[in-house]
Every structure is written in structure tokens, then in C-alpha cells.
Amino acid sequence: MLIQRLLFNDRGGMVVLGIIALATVIVPILNLALPPESPLHVSNYMVALLGKFLCFALLALSVDLIWGYAGILSLGHGAFFALGGYGMGMYLMRQIGDRGVYGHPELMDFMVVLSWDSLPWYWQGFDMFWFAMMMVLLVPGLLALVFGWLAFRSRVTGVYFAIITQALTYALMLAFFRNEMGFGGNNGLNDFKEILGFDINAKGTRVGLFIASSLALMLGYFACRYIVTSRMGRVILSIRDAESRTRFCGYKVESYKLWLFVFSSMLAAVAGALYVPQVGIINPGEFSPLNSIEMVIWVATGGRGTLFGAIVGAFSVNYAKTFFTAWSPEAWLFILGSLFVLVTLLLPQGLVGLFKRFQRRSKSDEYDQGTPESAQSESAPEPDTDRKEGGAV
């Protein structure tokens with residue numbers, strides 16, 4: 001069976017996916033079936049928070065796919081995440097209709113304030129869900145295709161590629177801040193009313209978005225696992241470890257890197273599309289280069305090149321962010337920077353590597369304690385009594 005083949009020799013992945021699948025069933029039950037007075041009740045806030053963490057985990061998965069397995073360090077994946085979010089936000093804004101503050105049946109409130117006469121051409125079609133979801137995939141995918149083709153054909157790698165991807169997301173941030181772009185400027189898109197005809201603030205809708213995020217994460221994991229365990233995945237690993245040698249063997253390295261970069265960007269866009277209806281807003285701040293750097297920290301903290309480690313890192317760092325920003329908001333950036341330095345110096349393989357280290361140590365201790373002295377003496381090599389001094393037999 002395909003799933004069994006994908007999870008073969010992936011014990012960590014099975015554990016993480018098992019926990020996510022269990023949460024997908026238990027969390028909705030504890031939220032919808034139990035009264036708020038119950039100690040086991042899961043609040044609407046917690047459902048939305050967990051859904052947001054699932055979107056971040058899918059985003060971290062997309063970064064780990066290209067950085068951990070292909071060695072492509074992208075500091076611009078926040079751009080693809082934000083573009084996917086804007087695609088969903090445009091659909092949600094079109095669903096408001098005449099329920100806005102100014103009651104215009106077609107124009108958004110910010111367009112009325114700016115005295116726009118008609119809906120821009122690039123907003124056309126976003127009143128249809130299927131068209132909006134198609135744009136969520138196509139726009140980031142085409143951007144990654146053009147950008148990646150120009151970068152990889154010029155053989156831009158390493159820190160230079162990281163810098164130009166960071167410049168890409170910064171340029172998009174500056175562009176989306178401008179009111180004349182038609183995306184809400186500094187305020188972005190917000191005040192959503194419904195999605196697919198359902199009230200976006202209703203408990204059932206929140207639970208549905210949580211389940212959709214969970215399913216998207218599991219499907220994304222299987223897709224990434226399929227890639228890295230295939231023949232193409234072995235070529236990608238060889239590109240990471242010895243790009244020049246792989247090129248000399250006759251492989252079109254640029255094609256492999258471009259295909260993987262485009263797929264990774266579309267995965268990040270799906271995460272952004274699921275993120276927006278759960279947080280209720282999308283603004284140019286999501287393009288911030290700092291967000292893309294945080295994504296790399298998630299992957300490094302969890303364990304680069306493991307896939308499930310990226311999920312663990314995304315949940316761990318964002319839970320810490322939720323706690324510390326409530327406790328001391330101004331201290332969070334210092335904590336985040338210290339975390340990245342400590343992980344780089346002390347945990348090069350992340351939390352997953354630390355767990356594996358303890359696991360190997362416990363197994364070696366069990367072997368030493370469980371081996372009797374007689375077995376140790378029997379396993380020790382006996383001296384060669386036939387060989388005498390001088391080497392004669």
C-alpha cells in the first residue's frame with residue numbers, strides 16, 4: 001500500500017501524523033459536544049490557535065523540503081505564504097457584498113474611501129471559490145517559476161540565493177503597502193463575513209477550518225514524503241551533497257531545483273490560504289522578511305531534513321511565541337534570536353536529533369546492563385595459542 005511504503009522507516013513521521021490525526025478527531029468533539037463549563041472543553045480560541053499552528057507546520061514543511069533535502073535556503077517563502085493568503089482574502093472580501101460599512105454591492109470599503117469607480121480587473125472572478133483557489137496555486141507558482149528559472153539558470157546558490165529571495169519578499173511588502181495597488185494598503189483585507197456560505201465566526205466553521213488544515217498538513221506530508229523517497233528524491237539529495245558531481249553525471253540540476261522550488265511555493269500558498277480565514281486578516285506585514293527568517297528557525301529547531309521535525313519545530317516555536325508574547329512581548333525577539341544561536345551551536349540536528357541521541361544512549365545503556373559477564377567473556381576473542389613469538393606457527 002502506498003501509505004505504508006511512504007511511512008516505511010519513518011517512525012517519527014508515524015508518531016507525529018498519529019498525534020495530528022488523533023487531535024483532528026478529539027478537538028472537534030471536545031469543542032462542540034462538551035459545555036464550556038466542562039474542564040475538558042476546548043475553547044473556540046484554542047481551536048483557532050491550533051488551526052493556525054497547523055498552517056505554520058505546513059509552511060515549515062515546504063521550507064524543509066527545499067532547504068533540508070535540496071540545500072536551497074530560501075528567505076522569501078513568506079512571500080508565497082502571503083500571496084496564498086491574499087488569494088483567499090480576496091475571495092472572502094467578495095463574499096461581503098453590500099454588508100460592508102458603506103453598503104456598496106461590489107466595491108470593498110477601502111475602494112469606496114479611495115473613490116474608485118469600478119472593481120479592478122484582477123479582482124474579477126474572485127467571487128467564485130474554485131477560481132480563487134486556482135489563483136492561490138497559480139500566482140505563487142508562476143512567480144516561483146519565473147524567479148527560480150532566472151536564479152537557477154544563473155547558478156545562484158547559497159547565501160546569494162537567500163539574499164535575493166529576501167529582497168523579493170521585501171519588494172512585495174513595499175508594493176502591497178501602497179493603496180493604489182488595490183489590496184487594502186496598510187490595513188490589508190479584513191472584516192470577513194462568510195466562507196462557502198457559512199458564517200466564518202461560527203463554531204462549526206472554525207472546526208471545519210481546523211479539520212481542513214489538519215488534512216492539508218497530512219496530505220502535504222505524504223506528498224513531500226513521496227518526493228523524497230522517490231528516484232527524484234535521491235537525485236535531489238545528491239544535488240544537496242554534491243551539486244557539481246551530480247551535474248557532471250548528466251542530470252539537469254537546474255530543472256530538479258526549479259520543479260521542487262515551485263512545488264514548495266505552492267505548498268506554502270496553501271498554508272497561507274488556510275491561515276487567513278482562521279485569523280481573520282491578511283496585511284502586507286505577512287511579507288516581512290522577519291517572518292521568512294522565523295520559518296527557517298522553525299525548521300532548524302525541529303530538525304532539518306526530516307519533514308516531521310519541521311512540524312515539531314513549528315509547533316514548539318509558535319507555542320513558545322504565544323506564551324512569551326503574552327508574558328513579555330518586547331523580549332520575544334531576543335528569545336527567538338537566542339534560540340536560533342543555541343540550536344545552531346548545540347543542536348545542529350534540532351529537537352529530533354536530540355531525541356535520537358537520547359534514544360541511542362538508552363539503547364547502549366540497556367545493552368551494557370543486559371549483557372552478562374559470561375556472555376561478554378565468551379564474545380571476547382581468545383588469544384591465538386598456535387602463534388608463537390616471532391610470527392612462526
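The values are calculated or read from the model by the stated rules, or taken from the named source; none is laboratory data. None of these values were measured; they are calculated from a predicted model. All Cβ positions, even for glycine, are placed from backbone atoms using ideal geometry, and neighbour counts span all protein chains on display. Heads up: the accessible areas ignore ligands, DNA and RNA and are worked out on the full protein's heavy atoms, side chains in. Shrake-Rupley method; radii C 1.70, N 1.55, O 1.52, S 1.80 Å.
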### Query
In nm, what is the difference between 0.36 nm times the number of residues separating Lys203 and Val146 and their Cα-Cα distance?
16.4 nm
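Compute the FRET efficiency between Ala23 and Ala242 as 1/(1 + (r/R0)^6), taking r as their Cβ-Cβ distance and R0 = 45 Å, and round to the nearest 0.05.
With a Förster radius of 45 Å, E is 0.65.
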### Task
Figure the gain on full extension for Thr322 and Leu290 (residue separation times 0.36 nm, minus the Cα-Cα span) and round it to one decimal in nm.
9.9 nm
### Message
Run the numbers for Tyr122 and Leu333: contour at 0.36 nm per residue of separation, minus the present Cα-Cα distance, in nm.
### Response
72.3 nm
### Query
Can you give the three extents of the C-alpha atoms in the chain along their principal axes, from longest to shortest, in whole Å?
104, 60, 47
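As a test of the formula, what do you get for the chain when each DSSP H run with n ≥ 4 contributes -39,500 (n - 2.57) and the sum is divided by the residue count, at 222 nm and rounded to the nearest 500 deg cm²/dmol?
Computed mean residue ellipticity for the chain: -23000 deg cm²/dmol.
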### Query
Which angle from 0 to 90°, rounded to the nearest 10, does the C-alpha axis of helix 332-346 make with the longest principal axis of the chain?
20
### Query
What is the calculated FRET efficiency for Leu138 to Ser38, with r their C-beta to C-beta distance and R₀ = 56 Å, to the nearest 0.05?
0.80
## Note on the structure
Using the Cα gyration tensor of the stretch 100-212, the equivalent ellipsoid's semi-axes, largest first and to the nearest Å, work out to 32, 21, 14
### Query
When the Cα centres of the stretch 190-250 and the stretch 287-350 are compared, how far apart do they sit, in Å?
20
#### Entry: Long-range HN-HN contacts of Leu114 with modeled amide H, under 5 Å
none
### Task
Report the calculated FRET efficiency for Asp98 and Leu346 (r = Cβ-Cβ distance, R0 = 56 Å), to the nearest 0.05.
0.45
### Query
Given Cα pairs under 8 Å that are at least 6 residues apart, what percent is the relative contact order of the chain?
29
### Query
Taking Cα atoms, how many degrees apart are the long axis of helix 129-153 and the longest axis of the chain, rounded to 10 and kept between 0 and 90?
50
### Task
Provide His41, His104, His77 ordered by accessible surface of protein heavy atoms (probe 1.4 Å), highest first.
His104, His41, His77
#### Entry: Degrees separating the helix 77-94 axis from the principal Cα axis of the chain, which is the longest one
30
